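Presented below is the structure to which this report refers.
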Amino acid sequence: MQHLSRSRALGVIAAGAAMLPRMASAQSAPVALRMGSVAADTYAGGYYALDLGLFERAGLSVEITPFANGAAMAAAAAGGSIDVGIGDATELANGISRGIPFVLIAGGGVYSSAAPTTTLCVAKASTVAKAADLEGQTVAVVSLVSLMSAGVKSWLTQNGADITKIKFVEMPFPQMPGALSRGVLAAATLSEPIMSDALAADAKVFAKPYDAIAKQFYISDWFTTRDWLAKNPDVAKRFVGAIYDTARWANTHHDDSAAILSKYTKIDVDRIKRMNRSGYATDLKASMVQPVLDTAFKYKVLGTATAATSMIAKGF
């Protein structure tokens, strides 16, 4: 493990103190755990825990497998290739509706209206002033069937636009700023770090679409399968404890976490420091999951109405 700066070391000491009771019962030999993640700020808690040695302190030997997105990770967990992963509650609820026994064990990244990591942007020269101005125009999202598209449609509807008159298109984040500048798009839904780069160039924030879901909610959740959890309840609890200790550290050590995030994402650390950074959950509340499920169902991203309480493991 790399040398820790003084502030990072202090954070580790505080986190370690918080988990002393749990460590007293940890096995002497580390337990192997296969974890999936995405190398992005919202999903980064596992990388922080690994780099800081907090999994090791919890008696776990964690191997991280990187995935391109939460859907691919959910498929891997369903097939038994990984033990735990982190993903969008909508993806997991859709899996449950198809008979895959996913279960939530911890909150992950947290959306906050005070520091949004995703916004609906327009070009700086745009004359779009209200939601209805986007009628007859083209709006980009990274995926048409996603929490992002549901959030955008919800915000536009709540603010007076007829979404049946708006053309929604899929487009990779890196292509969106240029399309905005050229007038190909009237608006684009941008996430960090592309969002900050675009705002520093030729874009401006038009709306915070995730506010239509809730002012605060879990963007991602840690999950496993009920079969694995039934066989490994102590391992799961130690994993969750390490994740929450990591979250408490990351929420107050942005510069230090930026260095770790840069290591795994290959994004320049100064660029990361300019971003709006994700917060991380230190608990698992149904009230922070339910708005996601409700919005996804309303806009047909989720096929079945789902109660968040039915997805959360007992005791977590």
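Taken as a whole, the range 213-222 holds at least one residue that is at pLDDT 95 or above, surrounded by fewer than 21 Cβ atoms within 10 Å (Cβ to Cβ), in contact with a strand residue (DSSP E or B) (Cβ under 6 Å, 6 or more places away or on another chain) and of a type in the set (S, T, N, Q).
The single condition among (1) of a type in the set (S, T, N, Q); (2) under 20 Å from residue 119 (Cβ atoms); (3) without any contact (Cβ under 8 Å) to a residue 60 or more places away in the chain that residue 251 does not meet is (2).
As a summary of the residue check, residue 277 satisfies the conditions (1) in contact with a His (Cβ under 8 Å, 6 or more places away or on another chain); (2) at pLDDT below 95 except for the one numbered (2).
Against the test of being over 18 Å from the mean Cα position of the chain (by Cα) and either in the same structural domain as residue 228 (by TED's automatic domain parsing) or small (Gly, Ala, Ser) (or both), the options 108, 85, 79 yield a single qualifying residue, 79.
Taken residue by residue, the range 152-167 has no member that is crowded, with 20+ Cβ neighbours inside 10 Å, touching a residue at least 60 places away in the same chain (Cβ under 8 Å) and either part of a loop (DSSP other than H, G, I, E, B) or at positive phi (or both). For the range 88-141, the set of residues classified as touching a strand residue (DSSP E or B) at 6+ places or on another chain (Cβ under 6 Å) and of a type in the set (D, E, K, R) consists of 124 only. Hey, among 260, 213, 243, 219, which residue is within 20 Å of residue 172 (Cβ to Cβ) and in contact with a helix residue (DSSP H, G or I) (Cβ under 8 Å, 6 or more places away or on another chain)? Only one candidate qualifies: 219. Restricting the search to strands (runs of 3 or more DSSP E) fully inside the range 69-133 and requiring at least 2 residues that are under 23 Å from residue 144 (Cα atoms) gives 85-87, 109-112, 118-123. For the range 156-187, filtering for residues that are more than 11 Å from residue 134 (Cβ to Cβ) and in contact with a Leu (Cβ under 7 Å, 6 or more places away or on another chain) leaves 4. Identification of helices (runs of 4 or more DSSP H) wholly contained in the range 214-305 with 3 or more residues that are within 26 Å of residue 81 (Cα to Cα) yields 226-231, 233-250, 254-265. Of the residues making up the range 47-83, those that are at positive phi and either surrounded by fewer than 16 Cβ atoms within 10 Å (Cβ to Cβ) or free of Cβ contacts under 8 Å to residues at least 12 places away in the same chain (or both) number 2. Tell me, which residue of the range 284-301 that is aliphatic (A, V, I, L, M) and under 24 Å from residue 315 (Cα atoms) is surrounded by the most Cβ atoms within 10 Å (Cβ to Cβ)? The residue in question is 292.
The values are calculated or read from the model by the stated rules, or taken from the named source; none is laboratory data. Because the structure is a prediction, the values reported are computed rather than measured. Glycine gets a Cβ as well: all are built from the backbone with ideal geometry, and neighbour counts include every protein chain shown.
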